[in-house]
Every structure is written in C-alpha cells, then in structure tokens.
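Below is one structure, written out as structure tokens; the observations come after it.
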Amino acid sequence: MINKAKNTKLFLHLKKWLEKAVLDFNMIEEGDRVLIGVSGGADSLALLDLLDSPMVFIPGFSFIAVNIDMGFDSEYAAYNQLEKYLQDNNYAYVMEKTDIGLVAHSAVNRKNPCFLCSRMRRKRIFEIAAEKGCNKIAFAHHKDDIIETLLINMFYGREISTMMPNQRIFGGKLHIIRPLAYLPEELVKKYSRERQFPALKNDCPTSENSRRIYIKKLLNELERENKDIRHNIFQAMSHVKPDYLLSVPKK
C-alpha cells in the first residue's frame, strides 16, 4: 500500500497548481461524480493520488477509478498489479479486459490505429460514466500534452486547436476535465517516482513511434536553443490575435 502521508514540497506544489487549474476552468462543482481514467501509467496514477487528497478550495465531489485494458498483455500481469494497487488503497473502481488495442492494430486498420483505439476506448468510458452516474471524466493530460496536441493538429490536422481543460460534450450532460493542465510532464513523473507508484509499462506497439513522440522530440530539440519554448507555446494559446490570422474570403 502507498503511504497516504503527503506533505512534501513537490506534493504541495502540484496540489497548488492542480487546484488553480480546477478553479480557473471551473472543472469541479459541489456534488460532482467524477470518473478518473486510470491507464496505469505514471500520469494517471499521479492524478488519482492528487485528487484523492484533502482539497483546500475545490468543492466536495466523489470519484471512481476506471481502467480499460487494451488487450496487449495476454497474461494480464499489469492488469492484476493495477487492480491490487486500487484494492490496497480502497479505491472504488471498474476494470475491464478488452481487445480494443488488438482490433485497432489489426490488418483491417493499419492506417491509423491510434485514432480507432482512442475512439473505442472513449466510447466505453462514456458508457461506464453513464452507468455509474458520473457527470465529469478526468483524464491525466498535462501541460506538455496540451502543447503537443496543438502542434499535432497544426502539422497533421491543418487546424489550430488543442485539448481543452474543461470540455463540454453531449450537450453539457458530460464534461471532460484535465486537472493537470498547468503541470509539466517532468514534475508529474517526478511525483510518481517520489510516491513510488506501480506505474505500468505501455505495451502498445506504436507507443514509441507515434506522431506525439515525434513532436516531443522536436520540442526537446527546440528547447536546446530556447529553454522557454514549451512555456511560450502554452502562453500563446491564451494570447490569440484573430485579426492576424488568415480568413478565407467568402465566395
């Protein structure tokens, strides 16, 4: 079992910025029922741990941890390890074994496995949220994820968009929230190591050769010349000047 005592400088720093993000974007309201997506990676376990802490400014809410196994580990060793962690820490949880990852990477879908995998996984998460009475879904996307998504959408999607910290879907019946929006990946990973979470290996065959990995490496290269590159891109998303963007004339 992980020690629940949390009083380190790193914890207090992360908690401060998590609560600020939640408040700035009105992510959690009194009485919310939150589904926390837990992949078993360092980021999602850090999110679960931070949300399972006494809140200073955030209204009272309840939550349930949900894991959708992609089916890459035929022995389910990681699945069992994660379930033991959730049980040891008395979390309410739902875990499902699926073949979503295998289907997404099958011969019928070689062009874009990441898109199909994400779509199928989220569909099931939405269904579980409805079954469990959840009106919010919390994902562990951090500041770096938001920055990388902006560039991915620009480079490959031909649009300027990114992940929203609080995204309204299904006419407002459900919201996707990202409480780690202000936190850099480096600190989230450091916290995971500090807390000694049983972070599980990602067995996805395309995890090391994705567009996101390419963008991450590109940013690392750019950061050698400008250490503020990530911060500047993040800040730029809230300093948009529409008058200086292209507007296609109407015909």
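Under 5 Å from the amide H of Ala138 lie the amide H atoms of Leu35, Ile36, Gly37, Ile177, each residue being 5 or more positions distant or on a separate chain, with H modelled from the backbone and absent for Pro and chain starts. By the count of other C-beta atoms within 10 Å, a proxy for reagent exposure, Ser53, Ser44, Ser247 are ordered fewest to most as Ser247, Ser53, Ser44.
Under a model in which nothing but the beta-carbon of Lys, Arg (+1) and Asp, Glu (-1) is charged, the chain shows a dipole of about 600 debye around its Cα centre.
Going from the residue with the fewest nearby Cβ atoms within 10 Å to the one with the most, Lys189, Lys250 rank Lys250, Lys189. Picking from Gly31, Leu180, Phe115, whose Cα lies most toward the positive end of the charge dipole for the range 9-239 (charges on Cβ: Lys, Arg +1; Asp, Glu -1)? It is Phe115, whose Cα lies furthest towards the positive end. Simple point charges give the picture: +1 on the Cβ of Lys and Arg, -1 on the Cβ of Asp and Glu, and for the range 209-251 a dipole about the Cα centre of about 300 debye.
Projecting label points 7 angstrom from Cα along Cα→Cβ for Ala130 and Glu96 puts them 1.1 nm apart. Between Asn89 and Lys250, the distance separating the two model label sites (each 7 Å from Cα on the Cα→Cβ line) works out to 5.3 nm.
Full extension of the chain between Glu159 and Lys123 yields a length gain of 10.6 nm, computed as 0.36 nm times the residue separation minus the alpha carbon distance. The modelled label-to-label distance between Glu30 and Asn80, using points 7 Å beyond Cα along the C-beta direction, is 4.6 nm. Taking GluC sites (Glu not before Pro) across the range 160-251, the ones in a DSSP loop with at most 10 further Cβ atoms lying within 10 angstrom of their Cβ are Glu208. Each residue in His141, His231, His239 was given a count of other beta-carbon atoms within 10 angstrom of its own, and listing them fewest first yields His239, His231, His141. Scaled against the 2.2 N^0.38 Å expected of a compact globular protein of N residues, the Cα radius of gyration of the chain reads 1.04. Each residue of the range 183-191 was assigned a 3J(HN,Hα) from its phi angle through the Karplus expression (A = 6.51, B = -1.76, C = 1.60, θ = phi - 60°), giving 9, x, 4, 4, 6, 5, 5, 4, 5 Hz with x at Gly and Pro.
Since every read-out is calculated from the coordinates, none of them should be taken as a lab result. Since the structure is predicted, the reported quantities are computational estimates derived from the model, not experimental observations. Note that each Cβ is placed from the backbone with ideal geometry, even for glycine, and that neighbours are counted across all protein chains shown.
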